[in-house]
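The structure under discussion appears below in the form of structure tokens.
The values are calculated or read from the model by the stated rules, or taken from the named source; none is laboratory data. What you see is a predicted model, and the numbers here were worked out from it, not measured in a lab. Here the Cβ is made from the backbone with ideal geometry for all residues, glycine too, and neighbour counts use every protein chain on show.
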Amino acid sequence: MAKRNMVEAINAGLMEEMEKDPAVMIIGEDVGKEGGVFRVTDGLQAKFGLERAVDTPLAESGIVGVALGLAINGFKPVAELQFMGFLPPALDQILNHISRIRNRSRGRYTCPMVIRMPYGGGIHAPEHHSESMESILAHIPGIKVVIPSTPYDAKGLIVAAIRDPDPILFLEPKRVYRAIKEEVPEDNYTVPIGEAKVLREGGDVTVICWGAMVREALRAVEMAAEEGINAEVIDLRAVSPMDDNTYLESVRKTARVVIVHEAPKTCGLGAEIIARVNEKALLSLEAPVERVTGYDTTFPLTKMEQDYLPSPERILRGIRKVMAF
Amino acid sequence: MIETFDPLKGEMLMILHPDGRCEEKLKPDLTDETVQTLYRRMVFIRLADQRALALQRQGRLGTYAPVHGQEAAQVGSAYALGEKDWVFPSFREMGVCTMRGVPLKDIYLYWMGNEMGQKVPENVHVFPISIPVGSHPLHAVGAAWAAKLRGEKICMVTYFGDGGTSEGDFHEAMNFAGVFQTPTLFFCQNNQYAISVPRKIQTAAKTLAQKAIAYGFHGVQVDGNDLFAVYAATKEAREKALSGGGPTMIEAVTFRFGPHTTADDPTKYRTDAEVDEWKPRDPLLRTQRYLKKKGLWSEEIEKEIKEEAEAEITQAVEDAEGFPPPKPGEFFQYTFAELTPNLKEQMDDFLAFLKEKGN
């Protein structure tokens, strides 16, 4: 088994599905000859030709809007948006059309497609290249929002996303793209969409996270372990649908919760998780749930981005706070 | 001129030929001294650009979008504007911005990752650069509309690239400008590539300039490496806008010699032969040849120009690097006119965290 980073793992998943299913096609800006600005689609045009890995005009609304048309007429488009900061022009198509077509046509038309995009901060990128807007997407009925945190999951989830009968927004934490290498099977496999993963078992506190925050949370938890705090870490892997059972079971055991996300705090998904904990496990709690998140500000440029992003130290502070309550 | 050169007939305005020869009948009213000054600014921009790339490689500056090859398009157009006109730039407009009075120090500071670099001086009418492609022409149209309503005799100029013309917002901006006859100048630098994607994949139309026709106003294609053609077309479009003639689109046909930004490698998507084809059309060489014919350029003068530019650039680097780092929590301060209670709480918590860490 080869060790791969997340870029290579997603690339492998795309390649396998394109080999298996001639309906799978890649569209987006710079996805063809260039192979994507992060090289996720590298080699696909060389291997499958100009008609299956297609460079499009520079127009995000156009890319996802035509993807709907392709999807309702026999193709399985995997559209790439270059950065999540450039998602907004495409939101109209996602909100008003892609997410609703199954419902509007009472199942007559469906939209099996994937919209991939790198998201999140921490790589010293320019303005509009560091945003985390997953809660905006999770708020839209009719689309699923998947976020891998490791190369293994990324491959299994992209394959599952392509095969899913509904539209999937596939958010790739760009900070992790080349930061982790791990064993990724050569075989074709899937990771189920909507299943969280317990990354570390512990009885004292539950830390819920996703995307690039998983690594930060694991570091924080190692520091907490030195203080005798035994934390359980859960990677949601999809924020819509959310795997409630996995974290609720953990909460019932630990009675203490810290939620970590790099998106702004207000109306972030931490709020939704707290609501669900309150609805289903309120009486298990021994402390108010703590959120360690980005702030309610524009994502700052590089001089201040580390101040904005939740760090292991800030997460540890959150863990200590719920433990001390 | 902007109405006589018809993009649908493949007519492109060129005044200064690549060999330095000039179409005297079309030559704009620029004194030799002014041409020399503009040439100096073009050299300055090229060297400031090279310095930005060097700083990026040394890790002293972040991702940067170079101007190399587009100096005439930026200098010629910016010089044609009036002092009170506004500019709405995209991210590759270091040349335009410095021409309009944005200190080079500020531009470096921004790409070094400090938002203060986008705080344009009070007397300079340049909007912060727009990174989302093709989204800002609408702002120029709105500002121009306001100028029209307020009776201000000014023009609003928006700069964007060939890639930007594919975005929906670009079309909406053109349409609004046509409908409300706003004094807007759409200045497109067609540098042939949107990162790796060639111009022919942006549109099946033969020119970008002809898009204006569909919105009810004139579009003209000019040789973007020709300082005189760019200046003349911009000046005329501006005068037209000021006299109530509405918007114009100028497509400056040019070439990006460098990468899209410091983050990509152009050899992956274009051939050396293509780059070589454009080299004789270099905007600096062309202006230099013109000046040489007039006895106004020599190796010695060039050396002196470069030394002067390098000194100015070095000072800008020193000023940018010596600029005080942001105060802790500065990023909270500019969200609203006043901190909301929620933001205040978040900022206090952040500062408390820093204190606990011992900073």
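Observations on the model:
- Among the candidates B:P259, B:P283, B:P266, B:P326, residue that is at the interface with chain A (Cβ under 9 Å from one of its Cβ atoms) and either on the phi > 0 side of the Ramachandran plot or surrounded by 13 or more Cβ atoms within 10 Å (Cβ to Cβ) (or both): B:P326
- Test: A:L171 is touching a Ser or Thr at 6+ places or on another chain (Cβ under 9 Å), closer than 22 Å to A:Q93 by Cβ, buried (at least 21 other Cβ atoms within 10 Å of the Cβ) and modelled with pLDDT of 95 or more: yes
- Qualifying positions in region A:62-118 - among the charged types (D, E, K, R) and without any contact (Cβ under 8 Å) to a residue 12 or more places away in the chain: A:R104, A:R106, A:R108
- Only one of B:A316, B:A311 that is without any contact (Cβ under 8 Å) to a residue 12 or more places away in the chain and more than 8 Å from chain A (Cβ to nearest Cβ): B:A311
- Subset of region A:1-38 that is of a type in the set (D, E, K, R) and without any contact (Cβ under 8 Å) to a residue 60 or more places away in the chain - its residue that is farthest from A:F75 (Cα to Cα): A:E34
- Helices (runs of 4 or more DSSP H) fully within region B:255-359 that include at least 1 residues being in the same structural domain as B:C22 (by TED's automatic domain parsing): B:272-278, B:283-293, B:299-321.
- Residue in region A:290-301 that is touching a Ser or Thr at 6+ places or on another chain (Cβ under 9 Å), away from chain B (no Cβ under 13 Å) and more than 22 Å from A:G202 (Cβ to Cβ) present: no
- Counted as qualifying within region B:33-125 are the helices (runs of 4 or more DSSP H) with 3 or more residues that are under 24 Å from B:M14 (Cα atoms) and either more than 13 Å from chain A (Cβ to nearest Cβ) or at pLDDT 95 or above (or both), namely B:71-79, B:94-99.
- Across region A:36-63, the qualifying residues are those that are in a loop (DSSP other than H, G, I, E, B) and among the acidic types (D, E), and the one among them that is nearest to B:H171 (Cα to Cα) is A:E51.
- Filter result for the condition that a residue is within 14 Å of another protein chain (Cβ to nearest Cβ), hydrophobic (A, V, I, L, M, F, W, C) and over 22 Å from B:H17 (Cα atoms), over B:V197, B:V179: B:V197
- Members of region A:64-88 that are in a helix (DSSP H, G or I) and either under 19 Å from the mean Cα position of the chain (by Cα) or surrounded by fewer than 22 Cβ atoms within 10 Å (Cβ to Cβ) (or both): A:V64, A:G65, A:V66, A:L68, A:G69, A:L70, A:I72, A:M84, A:G85, A:F86, A:P88
- Lone unmet requirement of (1) more than 14 Å from chain B (Cβ to nearest Cβ); (2) within 29 Å of A:S99 (Cβ to Cβ) for A:E232: (2)
- Residue within region B:247-270 that is at pLDDT 95 or above, closer than 30 Å to A:V31 by Cβ, in contact with a His (Cβ under 6 Å, 6 or more places away or on another chain) and not polar (S, T, N, Q) present: yes
- All strands (runs of 3 or more DSSP E) inside region A:217-325 with 3 or more residues being among the polar types (S, T, N, Q), at pLDDT below 95 and touching a strand residue (DSSP E or B) at 6+ places or on another chain (Cβ under 8 Å): none
- Test for B:F228: is it part of a helix (DSSP H, G or I), in contact with a Lys or Arg (Cβ under 7 Å, 6 or more places away or on another chain), modelled with pLDDT of 95 or more and not acidic (D, E): yes
- Among residues of region B:237-254, those that are buried (at least 24 other Cβ atoms within 10 Å of the Cβ) and in a loop (DSSP other than H, G, I, E, B), counted: 2
- Yes/no for B:G295 being more than 12 Å from chain A (Cβ to nearest Cβ), surrounded by fewer than 16 Cβ atoms within 10 Å (Cβ to Cβ) and at positive phi: yes
- Within region B:91-131, the set of residues being in contact with a Phe, Trp or Tyr (Cβ under 6 Å, 6 or more places away or on another chain) and under 24 Å from B:Q333 (Cα atoms) comprises B:L109, B:W111, B:G117, B:Q118, B:H125, B:F127, B:I129, B:I131.
- Among the residues listed as A:I234, A:I273, the single one being surrounded by 23 or more Cβ atoms within 10 Å (Cβ to Cβ), under 28 Å from A:K155 (Cβ atoms) and in contact (Cβ under 8 Å) with a residue 40 or more places away in the chain: A:I273
- For region A:33-79, the candidate set comprises residues that are among the small types (G, A, S) and in contact with a Ser or Thr (Cβ under 8 Å, 6 or more places away or on another chain); within that set, the residue that is nearest to B:I201 (Cα to Cα) is A:A59.
- Which listed residue, of A:E262, A:E272, A:E249, is over 13 Å from A:A196 (Cβ atoms) and out of contact with any Ser or Thr (no Cβ under 6 Å at 6 or more places or on another chain): A:E272
- Any chance A:A59 is more than 10 Å from chain B (Cβ to nearest Cβ), of a type in the set (A, V, I, L, M, F, W, C) and either crowded, with 22+ Cβ neighbours inside 10 Å or in contact (Cβ under 8 Å) with a residue 40 or more places away in the chain (or both): no
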